[in-house]
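Trainee: If you scroll down you'll find the structure; I have some questions about it.
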Amino acid sequence: MRLLSIIFVVMFISAGAGAQDYMLPLDTVKKVATEALPVFGELVTKDNLETMGFKSLDDVKNVALDDAEPPLQVFMVRLDHLKEYQAGADVNRLLTGGEMAFYPVTLTGQVIAAVGVQKMKEKWEATSVGDAVLIRMLTDVRRQSIESTALSPKSYFVVWVAALNLHFVAYRADDDLMLIPVQDDDAYEFKKGVALPAERVFEIILPAAREHDGSPG
């Protein structure tokens, strides 16, 4: 199994409009993520175990996927599309991709890491393991939002603005796309867990997007 760092930009760049309607094949994604779990045992060492989301090497033997923490489908907002965004435009058309997900990995019922699963050349593969900090932020925000919306965990997904290094947990309220920052961000005055309409989020980050030269990092 070929495992990569979390570098998924190429796939998203090739995705077209309308990707927000892509339905994640949950059974396939779960099967691929489950088959990737033994890889934790191969990759986790005493030097990187905390980075990978573990407290001890013995923990690696007890990881599992938990149906209470379903996968988070990921959609991308491309920089070139964002630069062209105009207030009042359909925000859903900014979402591309969808053929990727983070599947939370649990230890004794707590989310400690993730398996990144992606469709590669018509086949779903595990493309990353770990991502401990990010998946904890994503699932924490999802849980917090569920308490106020009463939505199913499966109603949530991720919107990723890679050029600006921004991740949002997203859901739909009636016809509105809502984005929830996963951490405080003074640059944009985002507050972790406070949902905003996508239109407002894109208006806030648009100046930074237009100043971005498109270089990575």
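Trainee: Give me a count of the residues in the range 51-79 that are surrounded by fewer than 21 Cβ atoms within 10 Å (Cβ to Cβ), in contact (Cβ under 8 Å) with a residue 12 or more places away in the chain and charged (D, E, K, R).
Mentor: Count: 4.
Trainee: Further question: Restricting attention to the range 97-118, which residues are β-branched (Val, Ile, Thr), over 13 Å from ASP67 (Cα atoms) and surrounded by 22 or more Cβ atoms within 10 Å (Cβ to Cβ)?
Mentor: Once the filter is applied, which keeps residues that are β-branched (Val, Ile, Thr), over 13 Å from ASP67 (Cα atoms) and surrounded by 22 or more Cβ atoms within 10 Å (Cβ to Cβ), the range 97-118 yields VAL115, VAL117.
Trainee: Among LEU179, LEU151, LEU95, which is the only one that is in contact (Cβ under 8 Å) with a residue 12 or more places away in the chain, farther than 19 Å from MET23 by Cβ and not acidic (Asp, Glu)?
Mentor: Testing whether each residue is in contact (Cβ under 8 Å) with a residue 12 or more places away in the chain, farther than 19 Å from MET23 by Cβ and not acidic (Asp, Glu) leaves just LEU179.
Trainee: Something else now. For residues that are modelled with pLDDT under 90, touching a Phe, Trp or Tyr at 6+ places or on another chain (Cβ under 8 Å) and closer than 26 Å to VAL161 by Cα, scanning just the range 13-50, find the one that is surrounded by the fewest Cβ atoms within 10 Å (Cβ to Cβ).
Mentor: ALA19
The values are calculated or read from the model by the stated rules, or taken from the named source; none is laboratory data. Treat the numbers as computed from the prediction; the structure is a model and nothing was measured. Every residue, glycine among them, receives a Cβ derived from its backbone with ideal geometry; neighbour counts consider all protein chains shown.
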